[in-house]
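Novice: Quick one: structure below, then a few questions.
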Amino acid sequence: MWNKPHLLNALADLLLLVAAAAALAAGAVWLVRVPALPVERVDFTAPLDNTRREEVERVLQPTLKGNFFSINLEAVRGALERLPWVRKAQVRRIWPARLEIAVEEHKAVARWGEGKGELVNRYGEVFTAMTSENKLAALPLLYGPAGAAPEVLTRYGELVEQFAKVGEKPVQLLLTPRLAWQLKLASGMAVNLGREQAKAPLSERLRRFLEVWPEKIGKLATRPEMIDLRYPNGFAMRFAGEGKGK
């Protein structure tokens, strides 16, 4: 081998590569273990509207172990996303001693269910969090089978737009286990929308009803207690203190 310079050169190159790799590995271990390079600041890219500072400090403290390189960013992210109002969090290192955190909080657009502190965000996701009574009272109440929140929220948005044409505002919408829709308006009137029907779709029944609203409902001295739209060719009205009538 000593008489073959090309083999010696190749061996020398290999040894240099091995030495360089070992040096890099040793450097990486040193960077991870060295007590220097601490994280000195944690910055949030935007203020948090619903998440309190003490909540953030409580969940972050156990995760901020190690130095700038060794801190587990996934652990930091996971800890933040377990907070009630946090929907998503992103964490990144900013050289030389800073973490930058971007948090997307839930934006509650409705209450969900019955008194369990559940809310619905704008994506139709159900989450549990505490908020003030005033804020809760301003939110509509939606309810339906498990997993139905996106559908109920979408339907509610459509109904808000449709009833605005007659000066009414939906405040409650229920999808029953049998997939029938029940609505309550801010005026106190209940509207039984019923189920989807092949020959008389819900949207068509509602359209016809709202077309005659100004004449049939708007001019009444006393508003009905309940409107029943389950009929394919008409609707029924019930007034307080009496039975059903057409």
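The values are calculated or read from the model by the stated rules, or taken from the named source; none is laboratory data. Owing to the predicted nature of the structure, the values given are computational and were not obtained by experimental measurement. Please note: Cβ atoms are built from the backbone with ideal geometry, for glycine as well, and neighbour counts cover all protein chains shown.
Novice: Only one residue in Glu114, Glu168 is modelled with pLDDT under 95 and either assigned to a loop (DSSP other than H, G, I, E, B) or outside the structural domain of Leu210 (by TED's automatic domain parsing) (or both), so which one is that?
Specialist: Glu114
Novice: Among the numbered conditions (1) in a loop (DSSP other than H, G, I, E, B); (2) within 30 Å of Glu40 (Cβ to Cβ); (3) under 22 Å from the mean Cα position of the chain (by Cα), tell me where Pro96 comes up short.
Specialist: (3)
Novice: On the basis of being surrounded by 13 or more Cβ atoms within 10 Å (Cβ to Cβ), under 30 Å from Arg52 (Cα atoms), of a type in the set (Gly, Ala, Ser) and touching a residue at least 40 places away in the same chain (Cβ under 8 Å), does Ala129 make the cut?
Specialist: Considered against the rule, which asks whether it is surrounded by 13 or more Cβ atoms within 10 Å (Cβ to Cβ), under 30 Å from Arg52 (Cα atoms), of a type in the set (Gly, Ala, Ser) and touching a residue at least 40 places away in the same chain (Cβ under 8 Å), Ala129 comes out as yes.
Novice: Taking the criterion of being without any contact (Cβ under 8 Å) to a residue 60 or more places away in the chain, among the β-branched types (Val, Ile, Thr) and either surrounded by 17 or more Cβ atoms within 10 Å (Cβ to Cβ) or closer than 25 Å to Leu179 by Cβ (or both), would at least one residue in region 218-227 satisfy it?
Specialist: yes
Novice: Moving on to the next point. Are any of the residues in region 173-195 among the small types (Gly, Ala, Ser), within 30 Å of Lys135 (Cβ to Cβ) and in a helix (DSSP H, G or I)?
Specialist: No: region 173-195 contains no residue that is among the small types (Gly, Ala, Ser), within 30 Å of Lys135 (Cβ to Cβ) and in a helix (DSSP H, G or I).
Novice: Which one is surrounded by the fewest Cβ atoms within 10 Å (Cβ to Cβ), of the residues in region 149-192 that are farther than 18 Å from Ala138 by Cβ and among the polar types (S, T, N, Q)?
Specialist: Restricting to residues being farther than 18 Å from Ala138 by Cβ and among the polar types (S, T, N, Q), the top hit is Thr154.
Novice: With the checklist (1) surrounded by fewer than 18 Cβ atoms within 10 Å (Cβ to Cβ); (2) out of contact with any helix residue (DSSP H, G or I) (no Cβ under 6 Å at 6 or more places or on another chain) in hand, flag the one item Phe68 doesn't pass.
Specialist: Only one criterion in (1) surrounded by fewer than 18 Cβ atoms within 10 Å (Cβ to Cβ); (2) out of contact with any helix residue (DSSP H, G or I) (no Cβ under 6 Å at 6 or more places or on another chain) is unmet by Phe68, namely (1).
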